[in-house]
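Worksheet: one structure, shown below.
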Amino acid sequence: MRILFVCTGNICRSPTAEGVLKRKLREGGLDHLRVDSAGTHGYHIGESPDPRACEKAAQRGYDLNDQSARRIAMEDFERFDWIIAMDRGHLKQLQRLCPPEATAEIHLFRDFLGAPHAGQDVPDPYYGALGGFDEVLDLVEAGCDAILERLETTPPER
């Protein structure tokens, strides 16, 4: 099983989701599953996650320091089973980019949480106050728990 989280620049939301899910998988003895993240844009290629995201993640025991930003590649639609968009704009971009023969399932992150979260975005904390990173972490932790639950009950069709 391979999961790719996607946000805009791959420095806030998607690396946070990657770090959270990796730790949860490790704690659950599922660290053989592959988790990665990417951005829809190449603004920050090669850069580490935003220092504010790293700081807030570290306060909860997550390490984002080994990550570096990259842009989604066409090969990702074959390399990953699930590609999970952090907001509806990313979802639309991924659906447009996805080749018809691709095997990846494309999802919206908050859809894993069900009602009333389904169809909603994980807000981008980049231009806001530091508290926005806490809000993202709250949503990402809950969403990653829901992803783990979904993996146990309904693995991807592949």
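Any read-out appearing in this document is the output of simple, stated calculations on the displayed coordinates, not a laboratory observation. Worth saying up front: this structure is predicted, and the values here are computed from it rather than measured. Heads up, the Cβs are rebuilt from the backbone with ideal geometry, glycines too, and the neighbour counts pull from every protein chain shown.
Out of segment 67-135, which chymotrypsin sites (Phe, Trp or Tyr not before Pro) are coil in DSSP terms and have no more than 13 other C-beta atoms within 10 Å? Those that pass, being in a loop and sparsely packed, are 127. Where does the chain land at 222 nm, in deg cm²/dmol rounded to the nearest 500, when only DSSP H runs of n ≥ 4 count, each adding -39500 (n - 2.57), divided by all residues? When only DSSP H runs of four or more count, the value is -12000 deg cm²/dmol. Taking the convex hull of the alpha carbon positions in segment 16-158 and averaging its projected area over all directions gives 8.7 nm². For the residues 40, 103, 16, a GNM of the chain with alpha-carbon springs under 10 Å puts the largest fluctuation on 103. Between residue 154 and residue 120, the contour length at 0.36 nm per residue exceeds the alpha carbon distance by 10.0 nm.
Under the simplified labelling scheme, the residue 33-residue 73 pair shows an inter-label distance of 2.4 nm, with each label point 7 Å from Cα along Cα→Cβ. Taking amide H as placed 1.01 Å from N in the peptide plane, residue 84 has its amide H under 5 Å from the amide H of 4, 5, 6, 107, each at least 5 places away in sequence or on another chain. The orientation-averaged projection of the convex hull spanning the C-alpha atoms of segment 1-84 amounts to 5.1 square nanometres. Tell me which GluC sites (Glu not before Pro) from segment 114-158 have a DSSP coil assignment and no more than 14 other beta carbons within 10 Å of their own. Qualifying residues, ordered by number: 157. Helices in the chain that qualify as membrane-span-like (whole DSSP H runs, Cα extent of at least 18 Å along the helix axis, mean Kyte-Doolittle hydropathy of -0.5 or higher) are 131-153. Across segment 70-129, the mean sequence separation of Cα contacts (distance under 8 Å, 6 or more residues apart), normalised by length, yields a relative contact order of 34 percent.
Whole Å is fine, so just give me how far the alpha carbon centre of segment 6-35 lies from that of segment 43-100. Their Cα centres are 9 Å away from one another.
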